[in-house]
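The values are calculated or read from the model by the stated rules, or taken from the named source; none is laboratory data. These numbers were taken from a predicted model, which means no experiment stands behind them. Please note: Cβ atoms are built from the backbone with ideal geometry, for glycine as well, and neighbour counts cover all protein chains shown. Note: areas computed on protein heavy atoms with side chains; ligands, DNA, RNA excluded. Shrake-Rupley method; radii C 1.70, N 1.55, O 1.52, S 1.80 Å.
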Amino acid sequence: MILRINAKPRVLLLSASSGAGHVRAAQALEASFRAHGDCTVVHADAMNYVSKLFQNIYEKAYITMVQRAPGVMGMIYDQTDQPWQHESRRLALDRLNTAPMIDLLDEVQPDLCVATIFLPA
């Protein structure tokens, strides 16, 4: 870890380019933080920091399902909103999918990270 003496706090805002609402929310937060002037702000598209496989699945399958069958999407959310029975499998999947995000976090070293969409969380 790098010690930053007298450096402005760093804020990392994460949204996803697959929709407009959360991007606009992050842009509003970015403008507000910048207007305040006492921090450094980085706004990143979380979709640039996941695997290409996940990008394709999310951008094609997920978005199509939300648009065409939101009720089915709700049922999937309900069914998958359970703890994993095999935590090691989830962690392995996370490691494969999020290595670029970890690199971004290492690079920015944010003091505050705000995600306007569930994906980066």
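Just a few scattered comments:
- Among the chymotrypsin sites (Phe, Trp or Tyr not before Pro) found in the stretch 71-121, those both in a DSSP coil and sparsely packed, with 11 or fewer other Cβ atoms within 10 Å of their Cβ, are 84, 118.
- FRET efficiency for residue 77 and residue 31, using Cβ-Cβ distance with R0 set to 41 Å, rounded to 0.05: 0.85
- Spacing of the two label points (7 Å from each Cα toward its C-beta) at residue 86 and residue 38, in nm: 5.0
- The chain - mean residue ellipticity at 222 nm from DSSP helices (-39,500 (n - 2.57) per run, n ≥ 4, rounded to 500): -15500 deg cm²/dmol
- Over the chain, accessible surface divided per residue gives 70 Å², non-protein components excluded, 1.4 Å probe.
- Taking the centroid of alpha carbons for each part, the stretch 72-121 and the stretch 10-38 are 19 Å apart.
- Percent accessible area from carbon and sulfur atoms, the chain, protein chains only, probe 1.4 Å: 58
- Equivalent ellipsoid semi-axes - Cα gyration tensor, the stretch 75-121, angstrom: 24, 15, 8
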